[in-house]
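Participant: Can you keep this structure in mind? I'll have questions shortly.
Computed from the coordinates by the stated procedures, all read-outs in this text should not be read as laboratory data. Please read all numbers here as calculations on a predicted model, not as lab measurements. Here Cβ is always computed from backbone atoms with ideal geometry, including for glycine, and neighbour counts include all displayed protein chains.
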Amino acid sequence: MANRMTRSLNTLLALGAIGLGFWVLPGDSLGFTLLGGSLDLGQRDYRFFNNFTDPSANSNTVPDPDFPGALGAELAIWKGAAEWNSRLHGNGGTDSNHPDGIGSGVANFDSFYTGLATQVGGVNDNTASQISGFSGIHAYLEFPIGDGWRMRFYEGPDSWQDQPNPIHWTGAFQWDIQGTMTHEYGHALGLDHSSVPGATMGQGTAQGVNLRSIEADDIAGLQFLYGPLSTSKPVIDTYTLSNNQVTLHGQNFHATNNEVWLTQRVAGGDGTPIQIFGLASQAGGTELTFTFPAAAKAGEVSVKLPGVANTDLSAPFPIDPQMEPYYHLPRAYGTSKTTSSGTLPVIHVLGVPSIQHGTFELVLASGPTFGQGIVLSARARNNMPFFGGTLWISGPIERELVFTHQFGFAQLRVPFPDGAVPGESRFYQVWFADPGDPQGVGLSHGLWVTFAE
Ligand SMILES: [Zn+2]
């Protein structure tokens, strides 16, 4: 306890001065600095004790489908930490102040929100809460962090705000919970203050709203501590439900020994997530099925591989046991048939397939040199030998588009099926002529596309 310190002095400089609209650290222009230490996989969990007293701290009643089950200050706290995660939280949330999405870290770092706490907790309990009074600063973090941390938001003279959009704000004496959390969680994971203007760990304005989005200097500090994002990390792309069975769809799951983490249903506990141990994966490490436990609730889900490396924990994915994701990014599955020229064709969607646009853009690359092709679609996936390759779609198959490609490349506008609704999934595959192939047929991998509004 004697070594216990707080980030209060520097926080005074940073957040206190942010309130005044300026902050200069003399002679320091190197960018990010370190607090000492980092968070191992046993300290990635965090909790929130919702004792904020300002009515405006818990006035947001608009749910965000990428952060299910949380409103008010809890939603703001969760979003603030999630910004440091290695990839978008679901589709990145619906935050007009952060249109490129929440989850910008691109490092081997991911947090895990375990749920609400019932008390302030000890100095190593990884819990955020309000503290009464005011000392010239808005919030502080108690460290060293290696064995855990505690975060306090001063009640203060300003009112805490949970709004996703500051346009609704009514006055100057207001402070943003989400932006402040993003900054303080940067301390929790090991960053000290930066001298780079605009960095979340540096200077802030606009009542902390502009701290919500981490910047290049923050990402550089995060990558220094945890390493740039590795392709070996497990990834959750989406999930499907069948009664109480959840199937996670993703990549790099362990063959026999995965751990699943979920957000706790009942407030309290010791901060450990709800865990399921020893799960085997299916479909070559791309699927993981488990029964949603009664002790868990809508929140987030992560997969942890055996081991203690930063690459052994996936980014959390939002999960609601009552419904499948309204939308997820288009997801490739299966393998392409090698063309007669030795290439592996790739198809992907450009941007968000939004029904209101009437069509979406599908790109074919690495096909045979030139020829004709057909975009096919169906309602279900498949895995059936077909013309020397694999048919990846099943059920009534629609011919969406006939096209001519050149140099193995085509950029196509694919119409949505009649009556398409937001959240509907369809599965696509491209068939093309390949005169050099013994059967004259080329086949892409499958592409799972969920339609957006
Ligand atoms: Zn600070």
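Participant: How high is the relative contact order of the stretch 235-319, in percent, counting Cα pairs under 8 Å that sit 6 or more residues apart? Numbers along the way, then the final one.
Facilitator: Values: 192 pairs, mean separation 28.9, N = 85.
Relative contact order of the stretch 235-319: 34 percent.
Participant: Let me ask something else. Please identify the chymotrypsin sites (Phe, Trp or Tyr not before Pro) of the stretch 172-233 that satisfy two criteria: DSSP loop assignment and at most 16 other Cβ atoms within 10 Å. Which are they?
Facilitator: Values: sites: Phe173, Trp175, Tyr185, Phe224, Tyr226; in loops: Phe173.
Filter output for the stretch 172-233: Phe173.
Participant: Another question about this same structure. Using alpha carbon centroids, what distance separates the stretch 323-398 and the stretch 230-289, in Å?
Facilitator: 26
Participant: Using +1 at the Cβ of each Lys and Arg and -1 at the Cβ of each Asp and Glu in the stretch 193-342, identify which of Ser213, Tyr226, Pro318 lies farthest towards the dipole's positive end.
Facilitator: It is Pro318, whose Cα lies furthest towards the positive end.
Participant: Would you mind checking which residues have amide H under 5 Å from Ile393's amide H? H placed 1.01 Å from N; only 5 or more apart, or other chain.
Facilitator: Close amide H contacts, sequence-distant or interchain: Asn382.
Participant: Quick one: dipole size for the chain, taken about the Cα centre, charges +1 on Lys/Arg Cβ and -1 on Asp/Glu Cβ, in debye to the nearest 20.
Facilitator: Numbers: 20 positive and 39 negative charges, 144 e Å.
About 700 debye.
Participant: Ratio of Rg to Rh for the chain, alpha carbon only, Kirkwood? The partial results should precede the final answer.
Facilitator: Values: Rg = 24.0 Å, Rh = 23.5 Å.
For the chain, the value is 1.02.
Participant: Give the order of Val123, Val196, Val62, Val260 when sorted by the count of other beta carbons within 10 angstrom, beginning with the fewest. Write down the numbers at each step before the final one.
Facilitator: On the way: Val123 17, Val196 21, Val62 10, Val260 24.
Listed from fewest to most nearby Cβ atoms, that is Val62, Val123, Val196, Val260.
Participant: Show the residues, 5+ positions off or on another chain, whose built amide H is closer than 5 Å to the amide H of Gly268.
Facilitator: Excluding prolines and chain starts, which carry no amide H, the hits are Leu116, Ala117, Thr118.
Participant: A further question on this structure: Would you list Asp418, Asp217, Asp192 from fewest to most Cβ contacts within 10 Å? Spell out each step's value before the answer.
Facilitator: Working: Asp418 6, Asp217 21, Asp192 17.
Going from sparsest to densest Cβ surroundings: Asp418, Asp192, Asp217.
Participant: Also, I was wondering about something else. Output wanted: per-residue J couplings in Hz (rounded whole) for the stretch 382-396, from phi through Karplus 6.51 cos²θ - 1.76 cosθ + 1.60, θ = phi - 60°, x for Gly and Pro.
Facilitator: 8, 7, 9, x, 7, 6, x, x, 9, 8, 9, 10, 9, x, x
Participant: While we're looking at this one, here's another question. Over the chain, calculate the relative contact order: mean separation of alpha carbon pairs under 8 Å at least 6 apart, over the residue count, as a percent. Walk me through the numbers before you get to the answer.
Facilitator: Numbers: 1192 pairs, mean separation 65.2, N = 453.
So the answer I get is 14 percent.
Participant: Counting pairs of alpha carbon atoms under 8 Å apart in space and at least six apart in sequence, what relative contact order in percent does the stretch 155-267 give? Show your work: numbers first, answer last.
Facilitator: Values: 121 pairs, mean separation 17.5, N = 113.
Worked out over the stretch 155-267, it gives 16 percent.
Participant: A further question on this structure: Per residue of the stretch 227-242, in order, report the coupling 6.51 cos²θ - 1.76 cosθ + 1.60 (Karplus, θ = phi - 60°) as ³J(HN,Hα) in whole Hz, putting x for Gly and Pro.
Facilitator: x, x, 3, 9, 6, 8, 5, x, 10, 9, 8, 5, 9, 10, 10, 9
Participant: Turning to a different aspect of this structure: Arrange Thr231, Thr238, Thr114, Thr343 by Cβ neighbour counts within 10 Å, fewest through most, would you?
Facilitator: Details: Thr231 8, Thr238 20, Thr114 25, Thr343 16.
Starting with the residue having the fewest Cβ neighbours, the order is Thr231, Thr343, Thr238, Thr114.
Participant: Let me ask something additional. Residue by residue, what Karplus-based ³J(HN,Hα) values in Hz, rounded to whole numbers, does the stretch 419-432 have, using 6.51, -1.76 and 1.60 with θ = phi - 60° and x for Gly and Pro?
Facilitator: x, 4, 10, x, x, 6, 9, 9, 10, 10, 8, 10, 9, 9
Participant: Under 22 Å between alpha carbons, and skipping anything fewer than 8 positions from Lys304 in its own chain: which lysines qualify?
Facilitator: Cross-link targets: Lys79, Lys233.
Participant: Another question, then. Amide H to amide H under 5 Å from Gln174: which residues, 5+ apart in sequence or cross-chain, H placed 1.01 Å off N in plane?
Facilitator: Ser159
Participant: Quick one: angle between helix 177-188 and the longest Cα principal axis of the chain, in degrees between 0 and 90, rounded to 10, please.
Facilitator: Roughly 90 degrees, rounded to the nearest 10.
Participant: For the chain, what is the calculated [θ] at 222 nm in deg cm²/dmol (nearest 500), taking -39500 (n - 2.57) for each run of four or more DSSP H residues and dividing by its residue count?
Facilitator: Taken over the chain, the calculation gives -2500 deg cm²/dmol.
Participant: Still on this structure: Compute the long axis of helix 72-82 from its Cα atoms, compare it with the longest principal axis of the Cα atoms of the chain, and write down the angle in degrees, 0 to 90, nearest 10.
Facilitator: Relative to the chain, helix 72-82 is tipped by roughly 70 degrees.
Participant: Another question, if that's okay. Which angle from 0 to 90°, rounded to the nearest 10, does the C-alpha axis of helix 216-226 make with the longest principal axis of the chain?
Facilitator: It works out to around 90 degrees.
Participant: Treating only the Cβ atoms of Lys and Arg (+1) and Asp and Glu (-1) as charged, compute the dipole magnitude of the stretch 235-319 about its Cα centre; round to the nearest 20 debye. Don't skip to the answer; put the middle values down first.
Facilitator: Details: 3 positive and 6 negative charges, 36 e Å.
It works out to roughly 180 debye.
Participant: What would the Debye formula give as log10 I(q)/I(0) at q = 0.16 Å⁻¹ for the alpha-carbon point model of the stretch 235-319, no solvent?
Facilitator: -0.56
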